[in-house]
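Written below as structure tokens is the structure these notes are about.
The values are calculated or read from the model by the stated rules, or taken from the named source; none is laboratory data. Predicted, not measured: the structure shown is a model, and the values here were computed from it. Ideal geometry is used to build each Cβ from the backbone, glycine not excepted, and the neighbour counts take in all protein chains shown. With ligands, DNA and RNA removed, areas are computed over all heavy atoms of the protein, side chains included. Shrake-Rupley method; radii C 1.70, N 1.55, O 1.52, S 1.80 Å.
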Amino acid sequence: MFTNFFKDRIIILLPLLIFLTGCSVWDNFITYFNLYYNADELYTKIEKQILDQKKDLFSIETPTIPPAANADVQKLIEKCSVILQYHSNTSYVDDALMMLGKAFYYQKNYLKSQQKFKELLASDPEGEFALESRLWIGKCNMRLRNYSDGLTTLKEVRAVAIEEDEEEIMEEAFIEEIVYRKTIGDIPAAILTANEFLEISDNDEINAELWYEVGNLNMEIEDIENAVIAYENVFEYSPDYDLEVAAKIKLGRALRESGEPEEALSIFTDMRSEDKYVEKYSDLELEMGITQSDLGKYNEALELFVIVDTTYKSSPNSGAAKFEIGSVYEHGLKLLDSAAVYYQKASTASLPKEYLNLARDKNRLFSRYVLLKKDLKKNGKELFYLQNPEEFKKDSAQYVQDSLAIAEEISNVKELQESWAGLGDLLAGTEDTTGYYQDSVKVADTLITRYIDSLEYINRDTIFSKVRNPMPQDSLLVAQFDSMFTNKIFDPNAKMKLEQEKRERENLRNQLVASLPDTLKFRNNPPRRPKITEDSLKTLLAKNQLELGNLFLSEFDMPDSAYKYYYSNLTEYQNNNYYATSMFAMGSYYLTIDNQKSADSLFNIIYDNYKNESVVNAAAAKLNKPFIDLNYDPAMEEYKLAEEYLLADDYYSAIDKLKEIPELYPKSSIAPKAIYASGWIEENKLNDYTAAVESYDTLIAKYPASEYVRVIAPKVTFYKQEKRKQESALLDSLNALAHLDSLVADTSLVLEGTIPSVDTVQVAVSEDELTPVEQENEALFEAKKSPVVKEPVWNPRKRR
């Protein structure tokens, strides 16, 4: 912007070179033609390429160097560096510093750029480049995130520029601050700065863009009323074509969002009727469709979206139209399955920037919806088969019959295709029109092949079955088939009508799919016998229904559908982990229909009866009641009572209370501790080792992973080993006594023959009645008997 001045100055001074021989003039002359002229040409070319990329004056994206201009930028830096190094006494040093600073700025090397502008400012603080240098120093500070210094510099530059009527520098300073406010999300401050700019600007082109930007900023903060005013003000300043089109479309959108869809539709319709907006027809028809949908005219909206989708397939608006079709099905017609199909198509299509996240999120949401419905149907069918095994057998038999019927139909189709293939040979060489008929046959065969291939083979087979054996409801199908064979296939212009035939086939396919019997619809999906228990299936069904209900309530705004799933959970699947959560969901449903009493009733049930589930605190929040400690365990209260008995030396009451805990709360973490405590009391307080071991055995059996098992397991093992040893020793002693008794019995038998017979009464005479002589003989007999070796008595406390 400042180079023309120097060019004019050189031209004026050229005639004086004849009379001047000063070295400085000659150096300027040589420098200009050898270096500066080329550098200035490069700079002008580069800056134009960079600025042409930036269509939006207030874009938050910094300008970038086009790939084709990178080499030129490097050349510019080299030439300017040469001027500074070897021609520092010429008048082009300031120009070289300015170009060099801007070149580094566009390369995003902001430190070097700022340094060059500071050098320029230091060389002549009051020179013609001083104010512009300060502007670029402020811009570099903003890019270096020295926001405080940058804003201060920009405001100072702005004030001086206004005073000295430097319009371009003032505009740059305002724009830089507005962009910064947008970048940090301070939209109200950006609007204030823009309005301040509007008050002092007399540049119509800039003012039109400013009002457009103010409208956009107001839309961001949902100040629709001021956005409408701002967009309308754009047309007070004769905007260029692009800005006019953009402002009109934005004005229509703002009016639609402000509750004036009829006026918005009028704007779009008027623009669509003018040829000068032909390049924007896809945008206008898309906006017309959205507006018709807002007016509740869903069929008209769908027609417009289909036009956009099919007419402008290479445009991102085609993908946007798919998304809007899905939106109509979701919000307008409440056909969620159809909405899922179009959201999925939109997510894989080319889309305008503002639709990318929307399409991705909707596709994710509806993919979940489709999966939940699929799981619900599958689990419900399996539960039905589990409860009705005869139905499983019946459906399995029917599936086999259907599969055989399908195989037969496929065979018939192949026969028909073979017949058409042979017809060409019959017609070959018959008349001069043979070529025409052969071409017709080829067209017919191609059309039939495409027709058949466009359908799933099950539908294809159904077509031929219905044509050969038509039912009354199949009259439309037969008529269309006859028409295709008699009127269109042999039409010389058949190739021109393929597109129309394709649309008719698509419609026919949809009719056929809808008319298929249920037994044919689950092709490749035979009845399956459940592999899990009935309780597990019911739990899965409860989970599926709860999640589906939540989608209907919170995402699809269909509370009646949500109620159906919640009610089913509460009445059909009561004994599962999702019961309390389903009750809370039902309470949320009642809140959406303003039934506070029913909602509070359910929340109170949860609060009073489900203190160990996380949903209890959600209910507490709804009731404004204290939150529950989710670590609360009712078994702890029982355990504390048992501890009180123990401290009072009431051991048996303590044991009774401790043994109740695992029976009442078997899943509590206190249960294994209670069993251990009861065994400890029996062992250490009552010295009842047998009872203690029984308690410890119960602990090992019921809670093998408990930390207390690691404590008592070695003790129980040792006790049992010693017990077995004692039992073994006792058994050995008993066996030895039995053996001794046997020996005594044998001795009695041996002596039986030598002892004289005596009267039975005398045998019974006690030892005390023997005479002294007899007693002496008995003692002598005992003394002569072999000593008996006795087994020592087993000592259980002594290790063997």
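Got a sec? Which of Met170, Met142, Met99 is closer than 22 Å to Leu35 by Cα and either surrounded by 17 or more Cβ atoms within 10 Å (Cβ to Cβ) or of a type outside the set (Lys, Arg) (or both)?
Sole residue among the options that is closer than 22 Å to Leu35 by Cα and either surrounded by 17 or more Cβ atoms within 10 Å (Cβ to Cβ) or of a type outside the set (Lys, Arg) (or both): Met99.
Which one of Asp124, Asp204 is of a type outside the set (Gly, Ala, Ser) and under 22 Å from Phe104 (Cα atoms)?
After ruling out the rest, the residue left standing is Asp124.
Which members of segment 217-234 meet the condition of being crowded, with 20+ Cβ neighbours inside 10 Å and not hydrophobic (A, V, I, L, M, F, W, C)?
Selection gives Asn218, Tyr231.
Evaluate segment 232-242: report whether one residue or more is part of a helix (DSSP H, G or I), over 24 Å from Thr193 (Cα atoms) and more than 35 Å from the chain's Cα centre (by Cα).
Checked segment 232-242: at least one residue is part of a helix (DSSP H, G or I), over 24 Å from Thr193 (Cα atoms) and more than 35 Å from the chain's Cα centre (by Cα).
Could you grab the pairs with beta carbons closer than 6 Å, sequence gap of 6+ or different chains, first residue in segment 334-345 and in a loop (DSSP other than H, G, I, E, B), second one surrounded by fewer than 22 Cβ atoms within 10 Å (Cβ to Cβ) and among the aliphatic types (A, V, I, L, M)?
Hits for this filter: zero, empty list.
For segment 223-258, give me each residue that is in contact with a helix residue (DSSP H, G or I) (Cβ under 6 Å, 6 or more places away or on another chain) and of a type in the set (Asp, Glu).
Glu257
For Ala562, only one of the following conditions fails: (1) modelled with pLDDT under 95; (2) open to solvent by less than 40 Å² (accessible area, probe 1.4 Å). What is its number?
(1)
Here is a yes/no grid of residues against (1) more than 25 Å from Glu220 (Cα to Cα); (2) open to solvent by less than 60 Å² (accessible area, probe 1.4 Å); (3) part of a helix (DSSP H, G or I):
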site: Leu351; (1), (2), (3): no, yes, no
site: Glu354; (1), (2), (3): no, no, yes
site: Asp361; (1), (2), (3): no, no, yes
site: Arg364; (1), (2), (3): yes, no, yes
site: Leu371; (1), (2), (3): yes, no, yes
site: Leu376; (1), (2), (3): yes, yes, yes
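Yes or no: Tyr573 in contact (Cβ under 8 Å) with a residue 24 or more places away in the chain, more than 30 Å from Tyr696 (Cβ to Cβ) and crowded, with 16+ Cβ neighbours inside 10 Å?
yes
Applying the selection to segment 268-297, what residues are among the β-branched types (Val, Ile, Thr) and open to solvent by less than 80 Å² (accessible area, probe 1.4 Å)?
Within segment 268-297, Thr269, Ile290, Thr291 meet the criteria.
Please verify whether Lys667 is modelled with pLDDT under 90 and charged (D, E, K, R), treating the condition exactly as stated.
yes
A quick yes/no check of all residues on (1) open to solvent by less than 60 Å² (accessible area, probe 1.4 Å); (2) modelled with pLDDT of 85 or more; (3) more than 30 Å from Ala405 (Cβ to Cβ); (4) in contact with a strand residue (DSSP E or B) (Cβ under 7 Å, 6 or more places away or on another chain):
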{"position": "Asp482", "(1), (2), (3), (4)": "no, no, no, no"}
{"position": "Asn487", "(1), (2), (3), (4)": "no, no, yes, no"}
{"position": "Pro492", "(1), (2), (3), (4)": "no, no, yes, no"}
{"position": "Asn510", "(1), (2), (3), (4)": "no, no, no, no"}
{"position": "Phe552", "(1), (2), (3), (4)": "yes, yes, yes, no"}
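Do any residues in segment 356-381 that are more than 19 Å from Asp557 (Cβ to Cβ) have Cβ atoms under 9 Å from those of residues that are surrounded by fewer than 16 Cβ atoms within 10 Å (Cβ to Cβ) and not hydroxyl-bearing (Ser, Thr, Tyr), where the two are at least six apart or on different chains, and which pairs are they?
Pairs that qualify, where the first residue is more than 19 Å from Asp557 (Cβ to Cβ) and the partner is surrounded by fewer than 16 Cβ atoms within 10 Å (Cβ to Cβ) and not hydroxyl-bearing (Ser, Thr, Tyr), are Lys378/Arg528; Lys381/Arg528.
Kindly indicate whether Tyr237 is among the hydroxyl-bearing types (Ser, Thr, Tyr) and open to solvent by 30 Å² or more (accessible area, probe 1.4 Å).
yes
I'd like to check something: does segment 55-70 contain any residue that is at pLDDT below 80, part of a helix (DSSP H, G or I) and either open to solvent by 80 Å² or more (accessible area, probe 1.4 Å) or among the charged types (D, E, K, R) (or both)?
Checked segment 55-70: no residue is at pLDDT below 80, part of a helix (DSSP H, G or I) and either open to solvent by 80 Å² or more (accessible area, probe 1.4 Å) or among the charged types (D, E, K, R) (or both).
Which of the residues spanning segment 148-161 are under 15 Å from Ile200 (Cα atoms) and open to solvent by 80 Å² or more (accessible area, probe 1.4 Å)?
Lys155
Yes or no: Thr193 in a helix (DSSP H, G or I), in contact with an Asp or Glu (Cβ under 6 Å, 6 or more places away or on another chain) and among the β-branched types (Val, Ile, Thr)?
Yes: the conditions hold for Thr193.
Given the conditions (1) assigned to a helix (DSSP H, G or I); (2) at pLDDT below 95, and given that Lys313 satisfies all but one, which numbered condition is not satisfied?
Lys313 satisfies all of (1) assigned to a helix (DSSP H, G or I); (2) at pLDDT below 95 except (1).
Would you mention how many residues in segment 102-130 are of a type in the set (D, E, K, R), loosely packed, with under 15 Cβ neighbours inside 10 Å and modelled with pLDDT of 90 or more?
1
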